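Working notes, beginning with the structure itself.
Nothing in this text is a laboratory measurement; each read-out follows from the coordinates by a stated rule. Given the structure is predicted, the values throughout are model-derived calculations rather than measurements. Reconstructed Cβ throughout: ideal geometry from the backbone, glycine too, with neighbour counts over all protein chains shown.
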């Protein structure tokens, strides 16, 4: 691909040698040309694994991903299948995603694919959309991150989207087994990081220095454990040493990302080995101290046995192809906290009673910042426990319970956390034979508009931008509330002052 012409300095700014250097942004295409021209010759050649030496076949690649790769090739760009898709194909597994990396910029990709959308700000990539919600992610090769500034012809160039070369892109990846590229033009595997050998040896190894990698992004520690437990691989020695020394860095990770990682692993079908490894390496104690404290308080054997049994049942459910909701996953993970509460209820009461569960679970839910919608759903489901036990004793389910929107999920949690028995099986069969619930789930509360006129800036009830901030805090907090700060108070007053000014102005005009 021939580099585009770049305009040199001209006019008064170029003639005045004493003038300060002017800074400007280049287009993504120009930046990509600069990086590739300057750095392409400085890397070691990769290992190229010929088609006869691996099992990856085009028959196993998503047809739409193949079309994207061929279109890139036809238009003169390089395009590789990358990451977990290549790893899974080499292991004989069905990939969940077929991600693609290319030397085409996001703007060029948008021109090539009419169904593509550019997303992201810090690093843009393109999502190519297909029917039924399928999305294939196409990203431009990323730089190693050391080239966030380029000085060329006396110009200091700053940029957010740092594009690079295939070798740099491979070095930016977290694990060596995720750093392999499949070339559709030659059917070869391109390996810059030693991932091919690690796949053959069954090793999980970080790309580069694991200590630096974990400090840069602590969530990579959980990803290393995840891949080891899902694939049955060993964690390489230096990587394991870094996991132990940098373990407390996980407390610096973004809470929302940690929660999403938990949800992902609870629904993976390999939740038991994953959380057992988190427990063995000390990460579970750091992330959920109230859960591991229960192990010690109630006896390590019983507490851990409850957790292992619940996660095992969760994995069996996944193997049967059944859905694992966020609430069901949380119930399995927090079973050592939930089951002792259920033992005190004794099948009593005809009304929902979530308060005992709320008291037992709030420290854990606040620690991982469970979304308010998931916490509220969990209270509904667990609050029905006493009524479900009573219904099982009477072998009859009242309509006042079965019509509730949370009834099917309450049955799933009841099955997950109860001791197996013929009586339980008969009760579950009865509950699942009933018509679907007639009650509609409550509508999620909408956030007030940020900015604008009218009620969005301090309408009735005094909820201006301060009220919006409280609503945002309530949406994230399991407790359903947030503190009102002085700045929020002042924003609400500002809204009232603006309304008064508008009324005075309209009065003068009339």
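Overview of results
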{"quantity": "Contour minus Cα-Cα distance for residue 419 and residue 264 (0.36 nm per residue)", "calculated": "53.2 nm"}
{"quantity": "Listed peptides 244-250, 102-108 by packing density, highest first (mean Cβ within 10 Å)", "calculated": "102-108, 244-250"}
{"quantity": "Label zone at residue 252 (point 7 Å along Cα-to-Cβ), backbone N below 15 Å, the stretch 179-220", "calculated": "210-220"}
{"quantity": "Highest to lowest packing among 386-394, 45-53, scored as the average C-beta count within 10 Å", "calculated": "386-394, 45-53"}
{"quantity": "Virtual spin-label span in nm between residue 123 and residue 362, 7 Å along Cα→Cβ", "calculated": "4.1"}
{"quantity": "Cα-based Rg and Dmax for the stretch 171-279, where Dmax is the largest Cα-Cα distance (Å)", "calculated": "14.4, 45"}
{"quantity": "Extension gain, residue 215 back to residue 343 (0.36 nm per residue minus Cα-Cα distance, nm)", "calculated": "41.8 nm"}
{"quantity": "Spherically averaged projected area in nm², based on the convex hull that wraps the Cα atoms of the stretch 337-420", "calculated": "5.5"}
{"quantity": "Length added when fully stretched, residue 400-residue 443, from 0.36 nm per residue minus Cα-Cα", "calculated": "13.5 nm"}
{"quantity": "Ranked by how many other beta carbons lie within 10 Å on average, peptides 378-384, 426-432 from highest", "calculated": "378-384, 426-432"}
